[in-house]
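The structure that follows is given in the form of structure tokens.
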Amino acid sequence: MVARLGEIEVALRGDAEQALNGDRPWVLLSSAGLIGRWENFEVPPQAGPRTTHDVIVSAVRSADVFGVLTSRGRVVRARVADLPVVAVDQVVPNLQGGQRATDLLGLEAGEHALSLTTLNARTFGWALGTRKGVVKRTNPELPRGDEPFEIIRLEDGDEVVGAVELPHERRQLVFITSDGQLLHYPATSVRPQGRSGGGMAGIKLDQDARVVFFGSGSLTGDLVVSNAGRKSARDSDFAGSLKITPLSAFPEKGRATGGVRCHRFLKGEDVLYLAWSGPAPAIAATKTGSPSNLPAPEPRRDGSGTPATLRIAAVGSRVLGSS
């Protein structure tokens, strides 16, 4: 009964949020690091032809100030009015008319935008995962002023791989590692900390492994996309193999454990180039933002991938607000 009441609460909150957001434009961030404003006030249908820069990695609705979560564990504030307007001549958005987020936000050298967040009284909080396997839930402390602010204390040599705004705590937190391991567990298993906290152990990493993806998701409808390849060819055009599997195929395990295998390497493969988890339908792009095809879903959680014909650089979803 408690779980059912929680579902009803989330649904009602979603209805209220939709009413509040009815006249607010979308702020969109693409896989190629472009950002823009899309003034389509209706949720678009999830279909249509692929176009360049149509992989949206994060989206929020805001009429004034929003935030950008970065790889340095910072929140950089920005104003919707400063964003270029993305053309609305089609039902599926793309960021071909967007601006580079690094130029707009004045990010530090080596720092890049990961996702977008609201910055208002309804902001629930954030979840972050680092390259070294640290996880953190951060309380929504919003300091005064327009200056960027940190939401995690990072160890030397570590950086944030994924950072998301949580709509509520009934989400799964998902880690995927370079050696093909996946771990997910409820956000409730991570105690929220203040902005100055350094987080806690999120996933146990084997020697030389690193986290390649962190995010939040749902066991209903979410997918996992993994791209395996060779360490020696990480910066080349070797495409490797691709695999798509429902997130629900992976068993839940406890925080700070090692997870389970999510991609069996083919001969000559020894690393995951990249991985992603989010709502269907998943779409991919090259580093220039050009569309790239993905294989059909594979039900086996520890199966091998399908040989890819093109090197992909990012995966996202057509469901806006899915970050």
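Sort out which residues of region 83-125 are under 16 Å from GLU147 (Cβ atoms) and of a type in the set (Asp, Glu), and write them in order of number.
GLU108, GLU111
Right, something else. Is it the case that region 94-103 has a residue that's modelled with pLDDT of 95 or more, touching a Ser or Thr at 6+ places or on another chain (Cβ under 8 Å), under 25 Å from GLY289 (Cα atoms) and surrounded by 20 or more Cβ atoms within 10 Å (Cβ to Cβ)?
No; the residues of region 94-103 include none that is modelled with pLDDT of 95 or more, touching a Ser or Thr at 6+ places or on another chain (Cβ under 8 Å), under 25 Å from GLY289 (Cα atoms) and surrounded by 20 or more Cβ atoms within 10 Å (Cβ to Cβ).
Okay, next question. Does at least one position in region 41-63 carry a residue that is buried (at least 19 other Cβ atoms within 10 Å of the Cβ), touching a residue at least 12 places away in the same chain (Cβ under 8 Å) and of a type in the set (Phe, Trp, Tyr)?
no
Restricting the search to region 16-40, which residues are assigned to a loop (DSSP other than H, G, I, E, B), among the small types (Gly, Ala, Ser) and either surrounded by fewer than 16 Cβ atoms within 10 Å (Cβ to Cβ) or at pLDDT below 75 (or both)?
Selection gives GLY22 alone.
Let me ask something additional. For region 71-91, how many residues are in contact (Cβ under 8 Å) with a residue 12 or more places away in the chain, part of a loop (DSSP other than H, G, I, E, B) and surrounded by fewer than 18 Cβ atoms within 10 Å (Cβ to Cβ)?
4
Select from region 124-142 the residues that are at pLDDT 95 or above and part of a loop (DSSP other than H, G, I, E, B) and list them in ascending order.
PHE124, GLY125, ARG131, LYS132, GLY133 - these are the residues of region 124-142 that are at pLDDT 95 or above and part of a loop (DSSP other than H, G, I, E, B).
The values are calculated or read from the model by the stated rules, or taken from the named source; none is laboratory data. Because the structure is predicted, anything quoted here is derived from the model rather than measured. Methodologically, a virtual Cβ is constructed for each residue, glycine included, from the backbone with ideal geometry; neighbour enumeration extends over all protein chains shown.
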